[in-house]
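The structure appears below as structure tokens.
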Amino acid sequence: MIKKILRSSFLAVFLFAAVCSAPAFAATAQKNLILATTTSTQDTGLLDTLIPIFEKKTGYFVKTIAVGSGQAMAMGSKGEADVLLVHSPAAEKKFMEEGNGLNRKLVMHNDFIIVGPPNDPAGIKGMKSAADALKQIASKGALFVSRGDNSGTHAKEKDIWKKAGINPEGQKFYQQTGLGMGQTLNVAAEKNGYTLTDRGTYLSLRKALGLDILVEGDKSLLNIYHVIEVNPAKFPKVNAAGAKAFSDFMVSKPTQDIIAKFGVDKYGSPLFFPDAGKPEFD
């Protein structure tokens, strides 16, 4: 009889503890936020500046997964991320059309540049057209190092090759790393090759690379970033409130002011230019 009472008492305590702890666990889980983003926001150090401010302001804990924009959107399309910060406009529009995202907002821009060895064996320095520059690299058989990772940068590069009328894949001069921007820049530097990079990542690593900016200023090289909330109607388990909080934070005036000044003290110019509230480029 005593054993039966003790067993019943233990079960009651266990059930009470489980019921009490469940809301606490759920609350903790909802404070975790998964951000899938491009490597450039990580490699430049921008997120190292912004995320602690966001976490302190909101109480959310951000897990940043820096891949390429393509991989970030692939995560979003499976409900494996709560919010995206990406820079591949054509792929973003498709992502939205498929019902995977909500509230795509313009955040900032910088630009892409073509960098290469100072001796410039392909002779592209100062060319005004990125497509003509890639065409000349191919004609000279000079090494071009591609990310090859379905990132926003890779998508831009493929678009420029298409404009140049060249399919570089499988050609001897063309090598794909399958890596992020910082790592691809290091490979290009080691092999004295050319590559397409966002300006921000290049500036943050310039001193260690030994690569020069050779082509810049072409309108086709504009690099545009958006924040997108993953659609909770399609993926009920995402942290919709946290995603909205992060999206609102990225386009808020205090954050945009930080973006405008980021990099000025170290590099003499900002790595990104704030665009929240402005008309879309695309």
Problem - Cα Rg, Dmax (largest Cα-Cα span) when computed across the stretch 145-219, Å - result: 11.9, 34
Handout entry: Alpha-carbon spread of the stretch 138-282, three principal axes, descending order, Å
Key = 51, 41, 26
Handout entry: Gaussian network model of the chain, Cα within-10 Å springs - most flexible of Gly242, Gly193, Gly45
Key = Gly45
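Rounding to the nearest 20 debye, state how big the charge dipole of the stretch 111-221 is about its Cα centre with +1 on each Lys and Arg Cβ and -1 on each Asp and Glu Cβ.
On the way: 15 positive and 12 negative charges, 27 e Å.
Approximately 140 debye in magnitude.
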Completion exercise
antiparallel share of DSSP beta bridges within the stretch 111-221, to nearest 5, in %, is 65
Fill in the blank from the handout: So Asn192 and Lys266, fully extended at 0.36 nm per residue minus their Cα-Cα distance, gain in nm 24.0 nm
Problem - Ser129-Ile53 pseudo-label distance in nm [points 7 Å out on the Cα-to-Cβ vector] - result: 4.1
Practice task
Of all alpha-carbon pairs in the chain, indicate the percentage at a distance above 23 angstrom.
Solution key: 57
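Using mean Cβ contacts within 10 Å as the protection proxy, how do 177-189, 73-85 order, highest first?
Details: 177-189: 20.8, 73-85: 22.5.
Averaged packing, sorted descending, gives the order 73-85, 177-189.
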Exercise for the section: Considering the options Ile137, Leu50, Ala90, tell which one lies farthest towards the positive end of the dipole of the stretch 45-201, charges being +1 on Lys and Arg and -1 on Asp and Glu at the Cβ, about the Cα centre. Expected result: Ile137
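Since every read-out is calculated from the coordinates, none of them should be taken as a lab result. Note that the structure is predicted; figures quoted are calculated from it, not measured. Here Cβ is always computed from backbone atoms with ideal geometry, including for glycine, and neighbour counts include all displayed protein chains.
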